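Reading through the structure tokens given below for one structure.
The values are calculated or read from the model by the stated rules, or taken from the named source; none is laboratory data. Owing to the predicted nature of the structure, the values given are computational and were not obtained by experimental measurement. Here Cβ is always computed from backbone atoms with ideal geometry, including for glycine, and neighbour counts include all displayed protein chains. For the accessible areas, the whole protein counts, side chains as well, though only heavy atoms, and no ligand, DNA or RNA atoms are used. Shrake-Rupley method; radii C 1.70, N 1.55, O 1.52, S 1.80 Å.
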Amino acid sequence: MYRYHRWWHGMEWPLGAAAVFLVVGVVMLIIVVTSASGVQWTGIRVHGQSQAGVVTYTYRGSEYTLTDDSHKTYATPHRVTVWLSRSHPEDSSKAFLANGIARWTDLSIVVVWLLIAAGFVIGGVINHRRFV
């Protein structure tokens, strides 16, 4: 009698593990996008000047300020990037100073889970019968 095998026969656990890691990756993406630093990926980028712990930036002709605790000792003005929330760009309390470490940490938190999921799929396809 002929037995019909599905293409995933023997790959149940790698595909299941990939699905779990994919779900965790999507949850991490949602967490990153909705966090305070997520505005660096979804927000509006403007440039401002930071001097003695105060950042001044302009958005649509209006000037806004926010505190910059990491540069309180800088007496000379220097240029900084400010990310504004797309939903409330005029609200300076939702503004976020650009931080490369936070941005790449957020990216790696998401990408690591998705790469592990892809690794299970690729490993399952390459070693199709070894996982039985």
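Structure summary
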quantity	calculated
Pick from region 62-98, criterion among the polar types (S, T, N, Q) and modelled with pLDDT of 85 or more, ranking: farthest from residue 45 (Cα to Cα)	67
Condition broken by residue 96, with the remaining ones in (1) closer than 27 Å to residue 22 by Cβ; (2) open to solvent by less than 70 Å² (accessible area, probe 1.4 Å) satisfied	(1)
Residue in region 50-63 that is closer than 22 Å to residue 35 by Cα and hydrophobic (A, V, I, L, M, F, W, C) present	yes
Matching residues in region 15-39 - criterion: being open to solvent by 40 Å² or more (accessible area, probe 1.4 Å), more than 9 Å from the chain's Cα centre (by Cα) and at pLDDT 90 or above	19, 20, 21, 22, 23, 24, 26, 27
Filter result for the condition that a residue is out of contact with any helix residue (DSSP H, G or I) (no Cβ under 7 Å at 6 or more places or on another chain), open to solvent by 40 Å² or more (accessible area, probe 1.4 Å) and of a type in the set (Ser, Thr, Tyr), over 81, 42, 105	105
